[in-house]
1. Once the other residues with Cβ under 12 Å from the Cβ of K60 are scored (Lys, Arg +1; Asp, Glu -1), what is the net sum?
2. Restricted to Cα positions, what overall size does the chain have along the principal axes? Three whole-Å values, descending.
3. Go ahead and run the numbers for FRET between K13 and A135, Cβ-Cβ distance against an R0 of 35 Å, rounding to 0.05.
4. Using the Karplus equation 6.51 cos²θ - 1.76 cosθ + 1.60 (θ = phi - 60°), what ³J(HN,Hα) coupling, rounded to whole Hz, does each residue of segment 109-123 give in order, writing x for Gly and Pro?
5. Mind telling me which of E151, E127, E11 comes out most flexible in a GNM of the chain, alpha-carbon contacts under 10 Å?
6. Under 5 Å between amide hydrogens, which residues at least 5 positions from D87 or on another chain qualify, with H placed 1.01 Å from N in the peptide plane?
7. Tell me, R131, R101, R116 in order of fewest to most beta-carbon neighbours within 10 Å?
8. Would you calculate the separation in nanometres between label points at D43 and A80, each defined as 7 Å from the Cα along the Cα-to-beta-carbon direction?
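Just so it is clear, none of the values below were taken in a lab; they were calculated from the coordinates. All values derive from a computational prediction rather than experimental measurement. Every residue, glycine among them, receives a Cβ derived from its backbone with ideal geometry; neighbour counts consider all protein chains shown.
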Amino acid sequence: MQPMEPVHALEAKHFIEDIGLFFEQMGMPRMAGRILGVLLIADPPAQSITDIAATLMASKSSVSTMARLLVEDGLIERVAAPVPRRDYYRFKPGGWILYMRRWLSLMSELHRITERGMLLLAAKPPEMQQRLQEAHDLFSLVEERFPAIIESLERAGAAARPPATVLPKRNGTE
C-alpha cells in the first residue's frame with residue numbers, strides 16, 4: 001500500500017483490526033479478516049502477498065493461506081501480477097453479494113433441517129416444539145425475503161459498477 005499520513009495510518013490500522021475481530025467473532029480466522037480489511041482500503045486495490053504481509057507485520061505463508069480461504073469464500077480474487085512469480089489479490093467486485101448468497105444457502109439448509117425436526121416433534125406438546133419453531137420461522141423468513149434484497153443489491157451494483165481496474169506497472173516491469 002502507498003504510505004499514509006500518520007493519523008490516517010492509525011485509523012487504517014484500527015479499521016483493519018476491527019474487520020479482523022469481526023471475522024473472528026463470525027468463527028473465521030482473524031488473519032483472514034485482517035487481509036480483507038487491507039484489501040478493502042488498499043491503494044492500489046490489488047496488493048501482493050509481500051505487500052499485505054508487510055502491512056500486517058505477518059508471515060507471507062500465513063497471508064497466503066488466509067488469502068486462499070478468502071478466495072474460496074468469494075470475497076477476494078487473484079489478479080494478474082505485474083511482477084513475475086508474485087501473487088496479487090484484490091477485493092472481488094460483487095464479493096459481498098457472493099458471500100451473502102453462500103450464507104443464504106446455509107440458512108436454507110438450516111430451514112430444511114428444522115422442517116425435518118418439526119416433523120419429528122409433530123405429536124409432541126407445543127412447549128417442546130417452541131425451540132424448533134422459533135428457528136424454523138426465522139429461517140423461513142430469511143429464505144423468503146433475503147433473495148429479493150440480494151437481487152436488488154445486484155441490480156444496483158451492476159448499474160453503478162465502474163470499469164475493471166488495471167494494475168499499474170512497477171519499476172518498468174510487466
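1. Numbers: positive: R86; negative: D51, D87.
Taking every Cβ under 12 Å from that of K60, the sum is -1.
2. Principal extents (largest minus smallest coordinate, Cα): 73, 34, 33 Å.
3. With a Förster radius of 35 Å, E is 0.35.
4. Per residue, the Karplus-derived 3J(HN,Hα) values read 5, 4, 4, 4, 5, 5, 4, 5, x, 4, 5, 5, 9, 3, 8 Hz.
5. Largest GNM mean-square fluctuation: E127.
6. For D87, whose amide H was placed from the backbone, the distant partners under 5 Å are I49.
7. Details: R131 12, R101 15, R116 9.
So the residues, fewest neighbours to most, are R116, R131, R101.
8. 2.5
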